[in-house]
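Colleague: Questions regarding the structure given below will be posed in turn.
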Amino acid sequence: MLEDLIRGWDGEEIVVGFDEPSGTWMFVCIHSTRLGPAGGGTRMKSYAQPSDALQDAMNLSEAMTLKMAAAGIPFGGGKAVVAVPRPPEGDERRRILLRYADLAASLGETFHTGPDVNTSTADMDVIAERHAHVYCRSEENCGSGDPGPYTARGVFHGIRASVNHAFGSDRLDDRVVLVQGVGDVGRPLAEELATAGARVLLSDIDDERVGVLAARIGAEVVPPGDAIGLECDVYAPCALGGTVNAETIPELRCRVVAGSANNQLAEPEDSDRLRDAEILYAPDFVINAGGVLYAWGTESLGWDADTVETRLTGIGDTLAEIYTRADADGLGTHAAAEDLARSRSS
Ligand code: PHE
């Protein structure tokens with residue numbers, strides 16, 4: 001199984017660690033260093049088996065290569081997955097993170113990392129004790145802090161551009177937007193959408209956190225099981241990937257799919273299925289680049305706040321360009337975005 005996975009992958013390098021006391025597998029996948037050192041987050045999650053974790057890291061690292069190229073950041077793509085049997089806390093978490101940090105540091109300049117699903121700025125502080133290339137440490141520790149609100153801002157601009165393409169106006173005040181997952185990105189996104197006057201529907205597996213947010217911003221809560229088939233203008237997947245697939249696409253009742261999750265499509269053909277269903281899809285690796293633009297821009301490229309803001313707005317312009325290309329060439333938007341990433345990296 002592992003052999004087949006590795007044989008079938010077009011990336012450059014995989015580094016593996018195993019922490020015996022906790023039973024944690026660690027995979028760092030370096031997909032491409034053609035444009036520069038590989039950059040990508042560190043995800044912590046439980047998987048049914050180690051090969052699922054490796055597969056996830058491979059797919060996510062490939063998405064990072066595309067994300068960096070499409071965003072015009074001179075870095076390659078990589079990703080790390082820390083596959084824990086159960087969420088570790090306290091001393092155990094620190095010990096596992098340090099163990100992982102040694103593994104990441106063994107790659108030296110090659111792998112630059114930051115937060116992702118289930119890792120925080122505090123976790124980045126710990127990893128940075130042993131690895132020199134860590135973005136988004138806490139502000140007390142001279143890092144750039146939580147990238148979530150910046151990812152959300154980029155998605156917000158992307159939703160505007162997508163709504164404009166689908167409906168001929170970028171006004172959000174009469175639009176219904178479903179935000180699925182109200183974590184570090186979904187929450188600030190829902191806040192921006194509500195402020196812009198959209199009718200916001202929220203769904204999350206954590207009843208309490210979704211209820212608190214809904215009450216605060218005046219949104220409605222939708223049970224997680226009802227989210228996919230819900231009638232809305234925009235479906236914004238902001239939790240884990242793979243929610244858009246051959247089974248769910250016929251159930252979708254939205255005009256636009258535009259959210260922050262990585263790897264929203266289960267397979268590339270889903271982009272064509274969406275096009276056939278007349279649903280506009282904002283390619284994930286383009287619309288969710290805001291966190292990377294903020295972190296890499298601030299910490300590596302010397303951008304000030306205005307430059308970051310301009311680049312986040314640019315996510316909307318990039319999507320508009322992709323939609324025009326896709327229409328002109330009769331392509332799915334995912335394929336058009338891959339073309340654009342290639343053209344920006346050659
Ligand atoms: N988790 C981010 C992503 O998938 C990667 C990232 C790392 C973003 C560090 C910001 C800072 O895009």
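Colleague: Mind putting a number on the dipole of segment 148-345 about its Cα centre? Charges go on the C-beta only, +1 for Lys and Arg and -1 for Asp and Glu, and I need it in Debye to the nearest 20.
Modeller: Rounded to the nearest 20 debye, it is 340 debye.
Colleague: Helix-only estimate, please: 222 nm mean residue ellipticity of the chain, summing -39500 (n - 2.57) across DSSP H runs of length 4 or more and dividing by its residues, to the nearest 500. Don't skip to the answer; put the middle values down first.
Modeller: On the way: 12 runs with 151 residues, N = 346.
Roughly -13500 deg cm²/dmol at 222 nm, from the helical runs in the chain.
Colleague: What is the dipole size for the chain, taken about its Cα centre, with +1 at each Lys and Arg Cβ and -1 at each Asp and Glu Cβ, in debye to the nearest 20? Please report the intermediate quantities before stating the final value.
Modeller: Numbers: 29 positive and 55 negative charges, 75 e Å.
With Lys and Arg at +1 and Asp and Glu at -1, about 360 debye.
Colleague: How fast does the chain diffuse by Stokes-Einstein, in µm²/s, taking the Kirkwood radius from C-alpha pairs at 20 °C and 1.002 mPa s?
Modeller: Numbers: Rh = 20.2 Å.
Value of D from the Cα-based Kirkwood radius: 106 µm²/s.
Colleague: Have a look at the DSSP beta bridges in the chain and tell me what percent are antiparallel, nearest 5.
Modeller: Working: 14 of 43 bridges.
Approximately 35 percent, going by the DSSP bridge assignments.
Colleague: Please give the per residue accessible area of segment 148-345, computed with a probe of 1.4 Å over protein heavy atoms only, in Å². Don't skip to the end; give the middle numbers.
Modeller: Details: 8150 Å² over 198 residues.
For segment 148-345, the per-residue accessible area is 41 Å².
Colleague: Would you be so kind as to identify which of 163, 256, 141 lies farthest towards the positive end of the dipole of the chain, taking Lys and Arg as +1 and Asp and Glu as -1 on Cβ and the Cα centre as origin?
Modeller: 141
Colleague: Tell me the angle of helix 148-167 to the major Cα principal axis of the chain, expressed in degrees between 0 and 90 and rounded to the nearest ten.
Modeller: Roughly 30 degrees, rounded to the nearest 10.
Colleague: So for segment 146-230, averaging the separation of alpha carbon pairs under 8 Å that are six or more residues apart and normalising by length, what relative contact order in percent results?
Modeller: Details: 118 pairs, mean separation 21.6, N = 85.
Value for segment 146-230: 25 percent.
Colleague: Loop-only check: which GluC sites (Glu not before Pro) in segment 86-156 are DSSP coil with at most 10 other Cβ within 10 angstrom? Mind dumping the intermediate values first?
Modeller: Details: sites: 89, 92, 109, 129, 139, 140; in loops: 89, 129.
Hits after loop and neighbour filter: 89.
Colleague: Please list, by residue number, every one of the trypsin sites (Lys or Arg not before Pro) in segment 145-188 that is coil in DSSP and has at most 16 other beta-carbon atoms within 10 Å. Present the calculation step by step, with values, prior to reporting the outcome.
Modeller: On the way: sites: 153, 160, 171, 175; in loops: 171, 175.
Loop-located and lightly packed - 171.
Colleague: Compute the helix-to-body angle for 305-329: its Cα long axis versus the longest principal axis of the chain, expressed 0 to 90° and rounded to tens.
Modeller: 60 degrees
Colleague: Which angle between 0 and 90 degrees, to the nearest 10, do you get for helix 186-195 versus the longest principal axis of the chain when only C-alpha atoms count?
Modeller: That works out to roughly 30 degrees.
Colleague: Along the charge dipole of the chain, Cβ charges K/R +1 and D/E -1, which of 285, 180, 227 sits furthest on the positive end?
Modeller: 285
Colleague: While we're here: Using 1/(1 + (r/R0)^6) with R0 = 25 angstrom and r between the beta carbons of residue 48 and residue 91, what's the FRET efficiency to the nearest 0.05? Show your work: numbers first, answer last.
Modeller: On the way: r = 27 Å, r/R0 = 1.07.
Calculated transfer efficiency: 0.40.
Colleague: For segment 148-345, just say rounded, prolate or oblate: build the C-alpha gyration tensor, square-root its eigenvalues into a ≥ b ≥ c, call rounded for a/c under 1.5, and beyond that prolate if a/b exceeds b/c, oblate if not. Mind dumping the intermediate values first?
Modeller: Numbers: a/c = 1.59, a/b = 1.09, b/c = 1.46.
In terms of gyration-tensor shape, oblate.
Colleague: Could you check how much of the accessible area of the chain is carbon and sulfur, as a whole percent, using a 1.4 Å probe?
Modeller: Details: 6900 of 14470 Å².
Of the solvent-accessible surface of the chain, carbon and sulfur hold 48 percent.
Colleague: Quick one: compute the contact order of the chain, relative version, from alpha carbon pairs under 8 angstrom and 6+ residues apart, as a percent. Mind dumping the intermediate values first?
Modeller: On the way: 746 pairs, mean separation 53.4, N = 346.
Value for the chain: 15 percent.
Colleague: Quote the accessible area belonging to residue 135 in square angstrom, nearest 10, computed with a 1.4 Å probe and with ligands, DNA and RNA left uncounted.
Modeller: Counting only protein heavy atoms, residue 135 exposes about 10 Å² to solvent.
Colleague: Another one. Express in Å², to the nearest 10, the accessible area of residue 343 obtained by rolling a 1.4 Å probe over the protein heavy atoms while all chains stay in place.
Modeller: Result for residue 343: roughly 60 Å² accessible.
The values are calculated or read from the model by the stated rules, or taken from the named source; none is laboratory data. On a predicted model such as this, the values are computed, not experimentally measured, just so you know. We place every Cβ from the backbone using ideal geometry, glycine too, and count neighbours over all the protein chains shown. Side chains included, ligands, DNA and RNA excluded: accessible areas come from the protein's heavy atoms. Shrake-Rupley method; radii C 1.70, N 1.55, O 1.52, S 1.80 Å.
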